[in-house]
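What follows is one structure encoded as structure tokens, with my remarks underneath.
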Amino acid sequence: MTEKKKKISIIVFSGDYDKAFAAFTIASGAAALNYEVNLFFTFFGLDIIKKKRGRHFLGRGFRARFFNFLLGGRNNLPLSRLNFAGLSPLLLGNLAKKRRVAGVDELLDASIKLGVNFYACETAGVLLALQKDDFIPEVKKVIGIGSFLELQEGGTTLFI
């Protein structure tokens, strides 16, 4: 009898640096332990997986383009607390390098190499006028909540 593979699914709702750090730490760690890992990025979490890492006018329509510009992309993820006008992520990144701890970009790369599954939320994508081509190529699909619920069935689900 073959043992069923353990599964963890993470809903990445936040676009905060520290929460992205936590999501990718859990995802890469679980994947390294041979878990099936599904990351479902929604709303502000979509900022983490955009192809364009900085401030860009993405989407269709003035409001969507302006809102996506304000979000800032992966290069501008704020801390959820003590952001100090955007300075804290830079300080935290430098501290991580000094202490030889992987940052968000390194953890994202490790997650990709370890076979973590990336999905973007269809509803949030429609709201922000984003399409699959706006995301990193590792995003397997843009899916709705029903499809995500099927993916996560039988496993542990976290909301970050």
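Bear in mind that the values in this text are calculations on the coordinates, not laboratory data. Computed from a predicted model, the values in this text were never measured in an experiment. A quick note on method: Cβ atoms are made from the backbone with ideal geometry, for glycine too, and the neighbour counts reach across all protein chains shown.
With the simple model of a label 7 Å out from the Cα in the direction of the Cβ, Leu149 to Ala32 spans 3.5 nm.
Evaluate E = 1/(1 + (r/R0)^6) for Gln131 and Leu95, where r is the Cβ-Cβ distance and R0 equals 35 Å; express this FRET efficiency to the nearest 0.05. Numbers along the way, then the final one.
Working: r = 36 Å, r/R0 = 1.03.
Taking R0 as 35 Å, the efficiency between Gln131 and Leu95 is 0.45.
Want the number for Phe159 to Lys140: 0.36 nm per residue separation, take away the alpha-carbon distance, what's left? Please list the in-between numbers first.
On the way: separation 19, 0.36 × 19 = 6.84 nm, distance 1.98 nm.
Additional length available on full extension: 4.9 nm.
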